[in-house]
Each structure stands twice: as structure tokens, then as C-alpha cells.
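Structure, as C-alpha cells:
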Amino acid sequence: MLDMNFDFPNPVRIVQRTARDFARQAVAPLVAGMEETGRFPKSLVPKMAEVGLLGLVTPRRYGGSELGFLARTVALQEIGRVSAAVACALQVHHMQAAAIQDWGTPAQKEKYLPRLCRGEFLGTVAVTEPTGGSDLLGMATTAVPAAGGYALNGSKCFITNAHLAGAPVVIAKTGEGSRGLSAFIVEKGTRGFAPGREERKMGLRGADTGELFFKNCRVPEQNLLGDEGEGMKAALKTIGEAGRPGMAAIALGILDAALDEAVKFSKSRNLYGKPISNIQAIQWSIADILVDLETSKLLCYRASWLKDQGREDCATAMTLAKLHATEAACRATRKALEIHGGCGAMLEFPVQRLWRDAMVCVSAGGTTEIGKIVLSRSVLA
Amino acid sequence: MTMKTPSRRYIVCLKPVPDPSRFDKLRLDPETMLLRRGDVPQVVNPGDRHAIEAAVDLKKRFGGTIACLTMAPPDAREQLEEALAMGCDRACLLTDRAFAGADTLATARALAAAVRKLGRFDLILCGCYSADGSTGQVGPQLAELLGIPDLTHALSLRLQGRRLQARCGLQDGTAALEAGLPALVSLDPRANVPPLPPMRGISGALAKKIPAWSAADLGLAPAEVGLAGSPTRMLNVFTPAAGRKGEILQGSANEVAAQLLEKLRGEKILPARGGKGSS
């Protein structure tokens, strides 16, 4: 028989169980507090470092485990099943690790990757500005040559881990056109750099989101990430190959949780003398959620596997996975919420949080519309 | 000149079992009356995780190396990989079609041969019992075959030179026991909290080779292992029929109480009316 193996390799199964147990033990008790305050529990960072979640895609020589993107997807899914907000913080952290791994000099890797793995601080990649996130060339933050480096001026918004990042990667304009962007590592404490307010979100509550401000902020030349003019490539590769699969994996976790909640509620809620799971309308909704979950899993795992194989076509597969999984999460959580009837609107039931979280995942890491542009170009070009 | 103490060698025995969180999916094969293990993924027996953690803790405190062993089908490499991820240094898989159908004694015999093949050792650590068979016999039988003391249901361990001290759980309390090394200890699930296998441990385990040893490699004859070497024969597996008879009494509270009293007297659970001790 010709073989096509859909089973995870054993190390990925161990990662899955570890992440699942970690989520239950360390993350679940924090969810209610995160919903209430909107604050990220910093006490979680050393715990995530200890179990190795922070260094999943970082080479072993820099303190990571180098387990790759399939393992990362599965870990984010398990964390996201319990808290999409914690998974979001983690996935954006991985984005910075991937950016430094892909574009950093040996000295930059030595300096920042071990610290990111140890959880000295969380990571982020700051692209989006008040002008928008999709229109990269429309950004207004500038970096102009100054003595020994660059002077940055401008601001970023909607930045995950804004207040927890110790040395965020920041994209700024150094010229015009697609070669007019550059990436910088800006260390916390650099004069002229300060995080702004904490932004309040309807979903992913507890994932730190905020602004970053740069006012004549002097960044030394050695903190240029990649060559000058490579910022657009760096941003697109990092968003496309780390950010999108990260959001897709979070959507998988939300889908898992939506199915869990829908099944649990429909089997325990009695109507007309029997559980509502006996009603065909409910069964159809459960089947729809399952279809959304399983199709998303196939797309996400395959895209991550392509990345681990070093395949160039992984970015398109990741866009497809992200678009499908986040839209599926919105559909599925709405169905799960409707299965709950009036209870679905009540804050005691987690299903409403899942719906809010799913809605936020749609625009993060590239909107559905951007995804459609990428996908249509892949066949029309 | 000081004598250098040789580094301590720990051996952990573990068993792959069907994931206990999915026991509801387990079925018996109607013909062989054995568990259909393929229906549910195998995991490291939860009780054995406590043995791994105890060994890792001893290694942290006193140095040394940990080898882990299992006698199982080839798929059990996965559970050995997990033990390596949790901190074991090497792993050996005892696998051979001839091992199939082994009872606890034949299993202990294969493990004893593997322990001898590994050479010098100081302490063997086991779980107290497996989540599937739950006999709790393999550890003590292994100790017996090796001619070493065994301490079961250990709640805490102390190593002092060549002496092992353990506080062991009993039905109604604990006992402080001491034994000379080499020894075997089985860990009570209350002894520790096994940590999650860290990601670096998982990727580190990938680089380690796991040798497979057959009965011949262990110097065991076919008659000593598997079903042939097992004095136990399973004749039947069945669920005992629940023998309770329910009866619902009808009437007012007083009437029901009177009926109940009468029935209990009739069954001689309470003394008859007017008898000694009644009011």
C-alpha cells in the first residue's frame, strides 16, 4: 500500500500532551482574571520558559528546542484551547524569535535568542500603525541615519506584548517603495522609546496589546536587523510564515474549545424531557463545528509541515490555513453560542469568550481580504 | 589519595499502557479476551512517571545516570522517548514476538535478564502498579529474581552512602524502611509530582538511539519467556453480575417505616419484636 502518513511523529505527540497538561495546570486558573482585568499574568512567563514553550522554533544552540513549526502549531492549539489570549502572546513571541533567526547577525542571535528562550522578556514584531496594518508602505514611522545608527520617529499600535517586550523588532521607513523599509531591534530603555497605553480589546482579553512611541529614538547600527531596505521582506516573511500559522493555530484551539463546549452543553441541557443533543437542528450544528475543526486542522498541520520541510510554498499554504481556520472559528463559535441559547450570552459560560476571541483572530496577522489577495495571486499570477 | 566513588546507576522500569483518560474507548477482543490496545493510544503508565521523577531527582542530588527499560512491542519506543525527554540518559527496549502473552513472572524474568545485561546498578525504580493490569507484582518479582531487597509504596527516599532509607505507605500508616544497595523501590503516586517533559528534553531525546533486545540477546530460552514461560493462565474475563435486588416500599412515611422494620426483622438484621435489646 502506498503510504501517506497523517499521524504526528512521536515528539509532536509528546509536545501536544505537555502543552495540554501545561494549559490545564498553569493557564486555566488564570483565565477568569485575564478576562476581568485585561492584563497579562507575568508570572506565566518563567513557567512557559521552564517547560520550553518560548523556544519551540529556536535552535538548540541558542537555548531553544528546535522542534519546529508543526510542534509549535500543536502547542499553540493546546494552549489556545484553554486561553487564546495566552496563545496569542506566545505566538507573537515566536514571531520575534523567528525574525531574529531568519534575519539576525550571529551577534544578534547570540544576544537576543537565549534571552527570549529564558523568558527574560517576551518578544514582538511591531508593524501596524494608526494608518493600518495591511498597507505596509503607508507607514509613517521613519528611521533616518544619525551618528552611529538611526533616529526613529513615529508610533505603532495594536502591538501584542507591547509592554512585555524587552527588545521589540520595529519596522520603519528608511526610503521609498518596497525597498524603503528596514527592521530594527529597539531595546527597552533606549532614550526616546516608550510604550504607550494598554489598548482594550473585546476579545483575546489578557493578551497585552498597546502602542509604542519613538521620539528621536537613537538605535545603534548593530541593531539593524537584516540589511537596510530589507524590512518589507523581513516583515512579510515573519508575518507570513510565523504570524499567520500562529493565528491559525490559535483558531484551532478555539475550534477545539467550541466543540468541547457545544457537546458538553447539548448533552447536559434538557428540553422536552431529553438532552438537546437529540434534536436534529443541534446535531447539524455540532456536525458543522466538527467539519470546521477538522478541515482547519488538515490545512494548519500541512502548512506547518511544509515550513518544517523548508518548502518555499509554505507561505501560501499558511495564508490558506489562517484564512480558513479563523473564519471557521467565527462560524463555529457562533454556532456553539447559539446552541447555548440564552446561556450563550451569559459571562459564566466560556462560549461567549470563544466567540469574542475568534472575531479578534480574523484581522490579526493579515485580514481575510489580504489572505484572499495572496491566494488569488497564487493561481492567477 | 581518595577513592573515587563510582557514579550511581539507576534503572527505571516502565510499561506502556492505554491512555487512562480514554479507558471508556477500550474493548476486549471477544476471541482472545485480551485488551484491543490498538483502539487507544499508548502512554507511559502514570505510576511509572513517579519512578522516573524519583530517579531524576536522585540524579540531580547525587549525580549518576538513568537507564530505562520496558518489555513491549516495537511501538513502545515512543514511551521510552518520553522517558528520555523527562531526563533518563539511555533506554533499552526488550522486544520479541516470543515475549507475547507474558504474565508478571515472565515479564520480571525478561527485565531481570536485561538488568544483568546492563551491568552494575545501584537502584531500580518502578511504579507501584500499572493502570491496565494493576497487579503490582512485577517490581517485587524482579527484586526476588535479582536477589535484592525491595521496598514498595515508597513515599520518600533518602540515600546515605550504600543505604537506602524510605518511608513506605501501608494500609493504615507508614513504615520507615532501610535497605542496602543495590535495591528495588516502587514509588507511591503520592511520592512526587512528575514534571512535564520539557521541550528541550523532547528534542534532546531525538538524538538518542534506543537498542532493541530480543530474548536471544538476553540469553533467555523461548520456554522462559512469553506465554510459554508464564505459569499463569487466564481462563476467562467477565464482568460480575450485579446481585442487588431493589424494592420500593409504598405508603405514607409511617407505613413505609413500619414495613421496613418488619422486613429488617424478617431478614434477621434486627432482632424480632419483643426480643432482647429491642424497645
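Descriptive notes on the structure:
- For the pair B:LYS25 and B:SER134, the difference between a 0.36 nm per residue extended length and the Cα-Cα distance amounts to 37.4 nm.
- 11 Å cut-off, amide nitrogen to a point 7 angstrom out along B:THR65 Cα→Cβ, residues in region B:81-117: B:89-91
- Annotation: the residues A:PHE214, A:PHE184, B:PHE62, A:PHE8, sorted from fewest to most other C-beta atoms within 10 Å of their own C-beta, follow the order B:PHE62, A:PHE8, A:PHE214, A:PHE184.
- Translational D in µm²/s for region B:117-227 (Stokes-Einstein at 25 °C, 0.890 mPa s, Kirkwood Rh from C-alpha pairs): 150 µm²/s
- Stretchable slack from A:VAL291 to A:ASP135, in nm (0.36 nm times residue separation minus alpha-carbon distance): 52.8 nm
- Helical mean residue ellipticity (222 nm; -39500 (n - 2.57) per DSSP H run of 4+; nearest 500) of chain A: -16500 deg cm²/dmol
- Region A:1-52 versus region B:169-193: alpha-carbon centroid distance in Å: 33 Å
- Here, P(r) means the percent of Cα pairs in each 5 Å bin from 0 to the largest distance; for chain B it is 1, 5, 10, 14, 15, 13, 10, 7, 4, 4, 4, 4, 4, 3, 1, 0, 0, 0, 0.
- Counting, for every residue in A:13-23, the Cβ atoms of other protein chains within 10 Å of its Cβ and taking the mean gives 4.
- Intensity falloff of the protein assembly as shown expressed as log10 I(q)/I(0), Debye formula with alpha-carbon point scatterers, at q = 0.06, 0.07 Å⁻¹: -0.45, -0.60
- Stokes-Einstein D in µm²/s, Kirkwood radius over Cα pairs - region B:153-279 at 4 °C with 1.567 mPa s viscosity: 56 µm²/s
- Simple spin-label estimate for B:LEU206 and B:ARG97 in nanometres, 7 Å along Cα-Cβ: 3.4 nm
- Two-site label geometry, A:ARG377 and A:PHE6: point separation in nm, points 7 Å out along Cα→Cβ: 3.2 nm
- Put simply, chain A fits an ellipsoid with semi-axes of 36, 22, 20 Å; these come from the alpha carbon gyration tensor as the roots of five times its eigenvalues, largest first.
- Mean residue ellipticity (222 nm) of chain B, computed from DSSP H runs ≥ 4 via -39,500 (n - 2.57), nearest 500: -8000 deg cm²/dmol
- Once backbone amide H atoms are built at 1.01 Å from N, A:ALA146 has A:ALA151 as its partners under 5 Å, excluding neighbours fewer than 5 places away on the same chain.
- Kirkwood Rh (inverse of mean 1/r, distinct Cα pairs), region A:10-118, angstrom: 14.0 Å
- Distance in nm between pseudo-label sites at A:THR368 and B:GLU255 (7 Å out along the Cβ direction from Cα): 6.6 nm
- Kyte-Doolittle mean at least 0.5 and Cα axial length at least 30 Å: DSSP H helices in chain A: A:244-268
- Global form of region B:1-61, assessed from the alpha-carbon gyration tensor, a/c cut-off 1.5: prolate
- Exposure proxy ranking for A:MET1, B:MET71, based on other Cβ atoms within 10 angstrom of each Cβ and starting from the fewest, stands as A:MET1, B:MET71.
- Of all DSSP bridge pairs formed entirely within the protein assembly as shown, close to 65 percent run antiparallel.
- A:SER83, A:SER285 arranged by Cβ crowding within 10 Å, fewest neighbours leading: A:SER285, A:SER83
- Dipole magnitude for the protein assembly as shown: computed about the Cα centre from +1 point charges on Lys and Arg Cβ and -1 point charges on Asp and Glu Cβ, it is near 1200 debye.
- Estimated D of region A:239-380 in µm² per second, where Rh is the Kirkwood radius over Cα pairs and Stokes-Einstein applies at 37 °C, 0.692 mPa s: 211 µm²/s
Bear in mind these aren't lab numbers, they're just calculated from the coordinates by the rules spelled out. Just so we're clear, the structure is a prediction, and the values are computed from it rather than from any experiment. Counting neighbours? That spans all protein chains shown, and the Cβs are built from the backbone with ideal geometry, glycine included.
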